[in-house]
Amino acid sequence: MRTLEYVRVGEPAQAVAELAADPAAAFLAGGTTQLDLMKIGTVTARRLVDITRLPLRDVTFDGGDLRVGALVTMERLAREPVVAQRLPVLRDALLAGASVQLRNAATIGGNLLQRTRCPYFRDVATACNKRDPGAGCAALEGVHRNHAILGTSPHCIATHPSDLAVALVALDAVVRLLGPDGPRTVPLTGFYLPPDDTPRLETVLRHGDLVTGVDIPLPAQGTRSGYLKVRDRASYDFALASAAVVADPGRTRVALGGVATVPWRARRAEAVLREAPEAFVAAAGAELADAEPRRDNGYKVELARRTLIRALSTWAAP
Amino acid sequence: MTRTLAPLVGAALDRVDGARKVAGAAPYPNDVRYPDLAYAALVRATISAGRVSGIETEGAEGAPGVLTVITHLTAPRLSRGPATSIGPQPTPPLQGDRVDYDGQYLAVVVAGTREQAVAAADLVEVRYEVDEPVLRTEDPRAEREENPWHFDTTRGDPAGALRTAEVRVDSTYTTPHLTNNPLGPFTTVARWDGDDLTVHDSTQHTANTRSALAGVFGIPEERVRVLAPFVGGGFGAGLRSWPHVTVAAMAARVVGRPVALELTRPEMFTGTGGRPSTVQRIRLGSTVDGRLVAIDHHAEYPAAMDDAVRYRVTPRGAGAYACPNFAARDVQVRLNVPPTGHMRAPGTAEGLFALECALDELAFRLDIDPVDLRLRNVAEVDPENGRPWTTTGLRECYRVGAERFGWYGRSPAPCSMRDGHRMVGYGMAGVTFGWTMMPCRAAATLHPDGTATIATSATDIGTGTYTILTQLAADLLDLPPDWVRVELGDTRLPKAPAAGGSGLTAAVTNAVQDACRNLLEIVRNGHPRGTDVRAEGASAPPEREDVAPSGAFAAVFAEVRVDPDLGELRVVRLVTAVDGGRIMNPKLAASQIIGGTVGGLGMALMERTTPDPGSGRIMNANLGDYLVPVHADVPDVDVLFVGGPDPLTPMGVKGVGEVGVVGVAPAVANAVHHATGRRLRALPLTVENLL
Ligand SMILES: Cc1cc2nc3c(=O)[nH]c(=O)nc-3n(C[C@H](O)[C@H](O)[C@H](O)COP(=O)(O)OP(=O)(O)OC[C@H]3O[C@@H](n4cnc5c(N)ncnc54)[C@H](O)[C@@H]3O)c2cc1C
């Protein structure tokens, strides 16, 4: 039988030390991704370091930034009054994710680090470069209706599944980390790595790096924002395509979900909108111009385009 | 003395087993424990075709707690059990090195705990010689069996009538492979005492599991006892005795201890059947005023390589429309897919999807209201044999359903109704469901304390059999309902047919009525005080040459909203009117129709079992990726019952088990056409088709 050690830590530094000492150790937060993937054999960890007792459960507001502890649950953050008032895009993205039962267990840190739902990643009997570098990617010719059309590589087309992360990249959130060498911060837009020829590497995190929180700069008063998610069923389903729009006065920030290998900041669309704030169709077209669909996910190009246009028309129209 | 069926029969009694179930006190097969119980875990094939060239079991055998590892090299030789009314038994497991589908059992590990068994199963290493699997019905290598079960029918001259018809529809419809997914993972707990085998099993048909196991192990049926007092749902998955049932019994025999084998969710996808995918070509011919002159329906669908399932997609009697010329042809194509089975109105749901959508196409072509088109073509007699139906509530279903729904308030042209930016569509479908009844026995016992027990081997898979038999016996014996105990799901009890084919209620209520009558007869004639009085009763399908037994009829009406930009489809309203003969309990019957409607919604909107196109391996074999409707997908479902007792049997019951499922997908697809002008001929109706 696979034996597993379980330790509970009380201090962030202790958590980092536990991991740094053991290459086969992993953090355990709400467990809704980690335990799931361990049960099906996709990830193996010999030692689970339970971080849920760490004092990282606060949501504070220091005037400029909303500071969210890594262990705040999705449901709790969605219910924060300041989120409802000032960050509708964040609230919508949280509440459009998973189910209320999962959201009560799932943490913000864990959400950002959840793994792709690509069925080949999750099925150890099949080929996956992300799970087993060099093994090949069975999704390329396989079941890929829900795979990415942006940020893909010949080695991996797995979609990044998080809704929260899409809202947060649009909001220019910053991730706070504690690593073996001390604390540091990384903007979320630079946090995720597209697959290229190393699909196994998904973020800039190094083994032992603990996400301690996320800082979200509050948009100016009066900013409209929202998150639109299209899916196969009305609730409890990952996005086929989604769009986050933050329409600050004078500038519109946009991100796409469900269609890319990483939470996708739509820079090209933003560039078009900087020149012509209401050129929604052109903005969406520009963002998807280089999309690379495959046999069964070609619809996503059109779906993402329309989702983005709808989201812009809803929140960025004057 | 004559007892009347009142006040309880027909009353909305709450489920008598409800409190036990919510308290966790109802023993399901996976609750069964024996002191020396061992646990089994399966090793499954990861290729779809080929042979096992080597299987390494040493690591598993040496793992903690492992009692044995059984493979095709070490398994006892088994026979195939006797065929039943739904066809031959599945191929017995672990009998050779051939691999015919991904998911086929290659070994079973038995250990002291479930965790030990699962961990050791991981250590079994299998080597294969891989063949190119046959995965598509159009593959020229695929073996095709025309008219496999001799259901094909031709009446009149459909080809000629099609040629000369004033108006024609010729369309091809497809439906995907679906998986039943009852909530309760199927479990078998098997125990041998010498040559006596006791099996606790998730089955819808205890008698079938018994005869299957007796046949497999070559022992008399009387030595096999099958228990299934509670089953966590089935949707047809429990109609066959699947290989894992045999594996559990085999393992128990080998280790000399009782063995529990609980399937995992992924194993449920390959080990308990499912609805095969279909491709159906349907041709209709009609006069300009909407009288059908020809129906030609052809269906093709897979069957597993080394398996045979009695199946029929093209509806009997051309779906009971009055049409002089019709042809129905089924073709089964052998593929390297997991054994198919029966799922929520098997065959009929797929077949009526094609037929009822094609009729909608015809109505649109003719500019005739879809309800009116169907009313013009109602078969007043059974088209298959010309006999009058025992009851015909179909017109009433259309009338009552349309009225409740407000059908005639629609503007008939497609794309003509809106709700804000969303397109609104109304669609409908009619259903004539087949009649089934099998012989059934039951016993009634009156105890000295005045209470009574009703007993039959039938199962209650969540549908309410315990409750309706309580109601029935209470009325017949003139007792309060809590003085009646119902015992089910045990082959030691009088033999009952499957909870399937919408046929159990008719069979079992008539048998129980007979048993109660016989009991009262004995009581009337005097009997010794202080002892139990027991009587048996039976029912059998009446053999009538003069009438055609009618199953349930229904009309389904759906309202949808489609976002024209994003392609999102939501069903916002559903009305189903059903003629189910006598309704034993309107609350439970409505629940059954609502449940069926949700299953139909899943079929319409999202359900699909997705194989890897190259390997055939199912890539969404879990409830995270295989989507079923959640609450937010299910609108108000309005269920209306029309008609009354059917004169065919004393109880007048027709059965409402499956009728709720079948009309939903076509009604929704037709509503989508009305909303958008798009005719979607492939299920499920997902976003990419509506952009
Ligand atoms: C059925 C289902 C449906 C879902 N639907 C959606 C959806 O629609 N939208 C959506 O966005 N999400 C969805 N999710 C994903 C869900 O939101 C994530 O599983 C959850 O947020 C993960 O958080 P957790 O606390 O449970 O993390 P865990 O499972 O405990 O951890 C996840 C990963 O993050 C690492 N980790 C956790 N915390 C930290 C930290 N502080 N620092 C460093 N590493 C850390 C763990 O080691 C692990 O690798 C769904 C999940 C399920 C199971």
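Readers should treat all values here as calculations from the given coordinates under stated rules, not as data from a laboratory. Since the structure is predicted, the reported quantities are computational estimates derived from the model, not experimental observations. Please note: Cβ atoms are built from the backbone with ideal geometry, for glycine as well, and neighbour counts cover all protein chains shown.
Brief remarks follow.
- Beta bridges per DSSP with both ends in the protein assembly as shown, % antiparallel, nearest 5: 75
- Anisotropy class of region B:354-491 from Cα gyration tensor, a/c 1.5 cut: prolate
- Over 17 Å [Cα-Cα, region A:112-239], rounded percent: 64
- Each Lys or Arg adds one and each Asp or Glu takes one away; over the other residues whose Cβ falls under 10 Å from the Cβ of B:VAL169, this sums to 0.
- For region B:65-146, alpha-carbon Rg and Dmax in angstrom: 16.5, 50
- Net charge dipole size for region B:53-190 [Lys, Arg +1 and Asp, Glu -1 on Cβ; Debye, nearest 20]: 540
- Charge tally in the Cβ shell below 11 Å around A:LEU56, where Lys, Arg are +1 and Asp, Glu are -1, A:LEU56 excluded: +2
- Taking a point 7 Å from the Cα of B:TRP483 along the Cα-to-Cβ direction, the residues of region B:421-450 with backbone N closer than 14 Å to it are B:445-450.
- 13 Å Cα-Cα reach of B:LYS495 towards aspartates and glutamates, excluding residues that sit fewer than 8 places from it in its own chain: B:GLU221, B:GLU222, B:GLU487, B:GLU536
- Computed helical MRE - 222 nm, chain B, DSSP H runs ≥ 4 contributing -39500 (n - 2.57), nearest 500: -7500 deg cm²/dmol
- Residue mean of other protein chain beta carbons inside 10 Å, B:602-615: 3
- Every Cα-Cα pair of region B:117-174 was included, and the share exceeding 16 Å stands at 76 percent.
- Cα Rg, Dmax (largest Cα-Cα span) when computed across region B:252-392, Å: 20.1, 72
- Cβ-placed point charges (K, R +1; D, E -1), dipole of the protein assembly as shown about Cα centre in debye, nearest 20: 980
- For the protein assembly as shown, the Kirkwood hydrodynamic radius comes to 30.7 Å, computed from all pairs of different C-alpha atoms.
- In this rough spin-label picture, where each label sits 7 Å from Cα along the Cβ direction, the B:ARG144-B:THR531 distance is 6.7 nm.
- Beta bridges from DSSP with both residues in chain B: antiparallel share about 75 percent, rounded to the nearest 5.
- Along its principal axes, chain B has C-alpha extents of 73, 72, 49 angstrom, given from the largest down.
- Burial ranking of peptide ranges B:344-352, B:101-109, A:180-188 (average Cβ count within 10 Å, highest at the top): B:344-352, B:101-109, A:180-188
- Extension gain, A:THR44 back to A:GLU141 (0.36 nm per residue minus Cα-Cα distance, nm): 32.2 nm
- The charge dipole of chain A, taken about the Cα centre with unit charges on the Cβ atoms of Lys, Arg (+1) and Asp, Glu (-1), comes to about 560 debye, rounded to the nearest 20.
- Working note: Karplus 6.51/-1.76/1.60 with θ = phi - 60° gives region B:586-595 the couplings x, 5, 5, 5, 5, 4, 5, 5, 5, x Hz, where Gly and Pro are set to x.
- Take the Cα of A:VAL204, step 7 Å toward its Cβ, do the same at A:GLU278, and the gap between the two points is 3.9 nm.
- With the charge dipole of the protein assembly as shown set up from +1 on Lys and Arg Cβ and -1 on Asp and Glu Cβ about the Cα centre, the Cα lying farthest toward the positive end among the listed residues A:GLY30, B:VAL337, B:HIS527 is that of A:GLY30.
- GluC sites (Glu not before Pro) within region B:533-585: DSSP coil, no more than 14 neighbouring Cβ in 10 Å: B:GLU543, B:GLU545
- Positive-end residue, the protein assembly as shown charge dipole about Cα centroid, Cβ charges, pick of B:GLY238, A:CYS128, B:GLY450: B:GLY450
- Positive dipole terminus of the protein assembly as shown, leading residue within A:VAL68, A:HIS207, B:LEU284 (C-beta point charges): A:VAL68
- FRET efficiency, B:ARG524 to B:ASP196 (Cβ-Cβ, R0 22 Å, nearest 0.05): 0.05
- Amide hydrogen neighbours beyond the local backbone of B:VAL293, cut-off 5 Å, H modeled: B:GLY285, B:SER286, B:THR287
- DSSP beta bridges confined to chain A are antiparallel in about 80 percent of cases.
- Using θ = phi - 60° in the Karplus curve 6.51 cos²θ - 1.76 cosθ + 1.60, the 3J(HN,Hα) couplings for region A:239-251 round to 6, 7, 7, 8, 9, 10, 10, 10, 9, 5, x, x, 7 Hz; x is entered for Gly and Pro.
- Within region B:119-166, the chymotrypsin sites (Phe, Trp or Tyr not before Pro) that combine a DSSP coil assignment with at most 14 other C-beta atoms in a 10 angstrom radius are B:TRP149.
- For B:LYS21, a cut-off of 23 angstrom between C-alpha atoms picks up these lysines, skipping any fewer than 8 places away in its own chain: B:LYS587.
- Rounded to whole numbers, the Karplus 3J(HN,Hα) couplings from phi for region A:36-46 are 4, 6, 6, 5, 8, x, 5, 10, 10, 9, 8 Hz, using 6.51 cos²θ - 1.76 cosθ + 1.60 with θ = phi - 60°, and x at Gly and Pro.
- Region B:451-509: equivalent-ellipsoid semi-axes (sqrt of 5 x gyration tensor eigenvalues, Cα, Å): 19, 12, 9
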